[in-house]
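*Asks:* Quick one: structure below, then a few questions.
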Amino acid sequence: MRVLVKRHDRLTFMPRGQLSGSALLMLTSPQLASLLNALREQYQRIIIDTSAVNQAQDSQLIGRQSDGVLLVIQSGRLQNQRSSSRCWLP
């Protein structure tokens with residue numbers, strides 16, 4: 001497996017690469033958990049950009065393995081009650 005990593009000053013960027021197989025299987029695999037644990041040892045902060053919360057399970061599955069979640073909402077586009085309900089991760 002070849003991983004391309006681009007470094008910019010104090011930022012390292014790792015693209016997703018080509019997906020071969022099911023995204024659901026990849027996101028629930030022990031290999032993803034191992035990768036995230038290895039990255040935690042090397043980096044202070046890990047930012048994972050996922051699809052919108054209401055479009056796919058990706059963000060919820062990754063959110064469960066994360067220390068925190070940052071929800072980006074365009075001003076004036078969503079009511080507070082609706083945005084708060086999107087923040088819950090079982």
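Values quoted throughout were computed directly from the atomic coordinates according to the rules given, and no laboratory measurement underlies them. Predicted, not measured: the structure shown is a model, and the values here were computed from it. In this analysis, Cβ positions are derived from the backbone assuming ideal geometry, glycine residues included, and neighbour counts consider all displayed protein chains.
*Asks:* How far apart, in nanometres, would the label points at Leu71 and Ser51 be if each is projected 7 angstrom from Cα along the Cα-to-Cβ direction?
*Replies:* So the two model labels end up 1.9 nm from each other.
*Asks:* What nm distance separates the two modelled labels at Ala38 and Thr12, each placed 7 Å from Cα along Cα→Cβ?
*Replies:* Placing both labels 7 Å along Cα→Cβ, they lie 1.1 nm apart.
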